[in-house]
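Remarks on the structure that follows.
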Amino acid sequence: MMKKTFLLPFLAGLFALNLSFAQNPSLGPCGTTDGKSDWLIAYQSHPQGFPRDADTLYVPITIYIVGTDAGTGYFSLTSLYRAFCTLNKDYEYSAIQFYLEGDINYINNSTYYDHNFQQGGQMMQNYRVDATVNCYIVSNPADNCGYSSYNNGIALAKSCMGQNDHTWAHELGHYLSLPHTFYGWEGYDHDYSQPAPSQIDNDWVERVDGNNCDFAADGFCDTPPDYLNYRWPCDGNDFSTLKQIDPNGEEFYSDGSLFMSYSNDNCTSRFSEEQIQAMRANLWTEKLEYLYNQDAPGPVDMTNFTALTPAQEEFLPTFNNVHFEWEPVPNATIYSLEITTLQSFVVPIFRYYLSEPNFTSFDLDPTRKYYWRVSAFNNYESCPLTSEIFSFETGDVLNSTAETDLIKGISLSPNPVAAGSEVLLNFQATENLDLECTLLSPAGAVIWQKNIPAARGQQQILFQTDGIPAGLYFLQLHTSNGIVSRKLVVGR
Ligand SMILES: [Zn+2]
């Protein structure tokens with residue numbers, strides 16, 4: 001099942017947890033086993049016969065965030081947008097830029113969430129969309145940080161998708177035809193104090209003097225020899241600390257700055273010129289259908305950001321139903337609204353992703369000072385540009401007086417209500433309505449949701465509070481022209 005979600009409140013704790021993910025040491029760096037594609041073999045036999053240009057190429061990516069059967073374990077939107085920002089920075093010099101095509105898809109499937117290659121292959125077959133790079137973010141992609149299935153899709157571990165990780169760039173390199181810099185050495189056991197053999201299986205071992213560079217290893221002459229087939233640390237110049245010896249007895253160190261090596265993520269920062277030309281030629285020929293949309297929007301422009309409500313330092317009598325609104329930001333289609341009680345924003349209390357420049361919060365506490373700010377981005381540009389910080393104070397008026405034209409005179413009784421007892425919702429409908437009724441926790445979690453047809457006139461609806469823990473809740477009535485919220489206290 002795929003479902004679309006966009007508006008999700010995030011608790012700060014979850015956010016901090018995702019940011020602190022380091023690369024998971026129990027996962028291998030990469031599980032890609034495609035070998036050299038026929039396309040790459042043809043390309044490397046005469047690269048000058050392939051198209052070459054300098055324009056930025058825009059490539060669609062379809063995102064699948066995979067959770068468990070119960071819908072838990074999703075990679076957060078905050079982490080996704082941060083990782084996507086890193087990805088496009090990694091490809092900026094290549095003049096290849098990715099964009100998020102369509103909605104973000106959510107898949108609830110424990111087998112795919114923690115999968116082996118066979119299950120992952122099935123997942124990619126089930127959901128594959130043509131002419132887009134299908135990227136699946138899971139917990140465990142066959143015990144690797146990621147792998148690419150050529151022309152099929154990419155699986156990525158959420159623990160290897162931090163802001164400073166480059167697994168995504170590496171796997172997209174594979175997807176766009178690039179082998180590892182140490183191609184041929186995958187899985188080969190070698191005593192690095194000894195000279196390398198001239199060949200491993202049928203693959204030639206690349207030599208330091210460069211005279212076999214156009215067919216040995218990855219077939220690129222500007223990626224020097226590299227025999228390191230495990231995750232390795234680099235020195236201050238991004239070279240390996242382990243010395244290797246080529247078949248001629250020449251000593252060298254591997255260049256860890258290349259994304260297609262297995263060096264640690266803090267070492268990697270680039271593709272070589274020949275790698276870039278190959279990826280671009282791969283898009284221009286074999287993956288031409290991916291280039292169906294080259295109309296990127298202009299840059300997101302936050303320079304004249306204007307907040308409308310709450311006004312700066314405004315005192316609001318109520319604390320629920322706080323309406324936030326700002327002027328649309330040029331070229332932005334996604335906003336994140338952060339609300340916090342600490343001006344530093346070290347820990348935002350709430351973060352909402354929105355497609356419109358406004359939001360009504362039912363989550364705030366009475367008599368507190370709050371700070372808020374907005375970040376704006378779009379499906380091409382997810383490195384957040386953030387507004388200045390605004391503030392306001394809430395009062396202690398419990399119930400909002402806000403009502404829509406469609407429902408009036410709303411009351412809940414008794415309120416507080418003893419846990420397990422019935423609550424009567426009273427209101428007057430000015431026409432026949434389809435009401436969606438939602439009970440939310442103060443953190444914004446949906447406790448339950450019901451659809452209620454209400455005829456014009458006075459309405460009384462009885463609710464059970466069975467199984468609802470004691471605490472503060474908000475009952476929301478969604479109508480076609482707005483949301484009305486009432487506080488409900490469930491006692492012990
Ligand atoms: Zn790889």
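For the reader, a short list of remarks on this structure follows.
- From P348, P328, P317, residue being touching a residue at least 60 places away in the same chain (Cβ under 8 Å) and open to solvent by 70 Å² or more (accessible area, probe 1.4 Å): P317
- Residue check, H166 open to solvent by 10 Å² or more (accessible area, probe 1.4 Å) and either within 16 Å of the ligand (Cβ to nearest atom) or farther than 23 Å from I96 by Cα (or both): yes
- Filter result for T72 (assigned to a loop (DSSP other than H, G, I, E, B) and either open to solvent by 10 Å² or more (accessible area, probe 1.4 Å) or more than 20 Å from D165 (Cβ to Cβ) (or both)): yes
- Extreme residue, farthest from T309 (Cα to Cα), among residues of the range 365-388 that are acidic (D, E) and more than 18 Å from the chain's Cα centre (by Cα): D365
- For the range 404-415, filtered to residues that are part of a loop (DSSP other than H, G, I, E, B) and surrounded by 16 or more Cβ atoms within 10 Å (Cβ to Cβ), the residue that is modelled with the highest pLDDT is N415.
Results for (1) farther than 30 Å from Q294 by Cβ; (2) at pLDDT 95 or above, shown as yes or no for each residue.
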site	(1), (2)
M2	no, no
L17	yes, no
F21	yes, no
Q48	no, no
D55	no, no
K89	no, yes
D103	no, no
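- Residue within the range 103-113 that is of a type outside the set (D, E), surrounded by 16 or more Cβ atoms within 10 Å (Cβ to Cβ) and within 16 Å of the ligand (Cβ to nearest atom) present: no
- Candidate set: the range 432-445, residues that are loosely packed, with under 13 Cβ neighbours inside 10 Å and modelled with pLDDT of 80 or more; chosen: the one nearest to N320 (Cα to Cα): D434
- Among residues of the range 137-150, those that are within 16 Å of the ligand (Cβ to nearest atom) and either closer than 27 Å to W39 by Cβ or surrounded by 20 or more Cβ atoms within 10 Å (Cβ to Cβ) (or both), counted: 9
- Within the range 184-204, the only residue that satisfies the criterion of being within 23 Å of A42 (Cβ to Cβ) and surrounded by 21 or more Cβ atoms within 10 Å (Cβ to Cβ) is G184.
- Within the range 30-46, if we keep just the residues that are open to solvent by less than 30 Å² (accessible area, probe 1.4 Å) and touching a Pro at 6+ places or on another chain (Cβ under 8 Å), the residue that is modelled with the lowest pLDDT turns out to be G31.
- Of the candidates E431, E381, E393, the single residue that is touching a residue at least 60 places away in the same chain (Cβ under 8 Å) and part of a loop (DSSP other than H, G, I, E, B) is E381.
- Residue in the range 275-284 that is within 13 Å of T181 (Cβ to Cβ) and in the same structural domain as R207 (by TED's automatic domain parsing) present: no
- Residue that is nearest to the ligand (Cβ to nearest atom), among those in the range 232-244 that are closer than 20 Å to C213 by Cα and surrounded by fewer than 19 Cβ atoms within 10 Å (Cβ to Cβ): F239
- Of all residues in the range 31-67, those satisfying the criterion of being away from the ligand (no atom under 16 Å from the Cβ), part of a loop (DSSP other than H, G, I, E, B) and out of contact with any strand residue (DSSP E or B) (no Cβ under 8 Å at 6 or more places or on another chain) are H46, F50, P51, R52, D53, A54, D55.
- When residues of the range 180-206 are limited to those that are hydrophobic (A, V, I, L, M, F, W, C) and in a loop (DSSP other than H, G, I, E, B), the one farthest from the ligand (Cβ to nearest atom): A196
- For the range 151-163, taking the residues that are part of a helix (DSSP H, G or I) and either β-branched (V, I, T) or more than 13 Å from the ligand (Cβ to nearest atom) (or both), the one that is farthest from Y113 (Cα to Cα) is identified as S159.
The values are calculated or read from the model by the stated rules, or taken from the named source; none is laboratory data. In this text the structure is predicted, and so the values were computed from the model without any measurement. Please note: Cβ atoms are built from the backbone with ideal geometry, for glycine as well, and neighbour counts cover all protein chains shown. Side chains included, ligands, DNA and RNA excluded: accessible areas come from the protein's heavy atoms. Shrake-Rupley method; radii C 1.70, N 1.55, O 1.52, S 1.80 Å.
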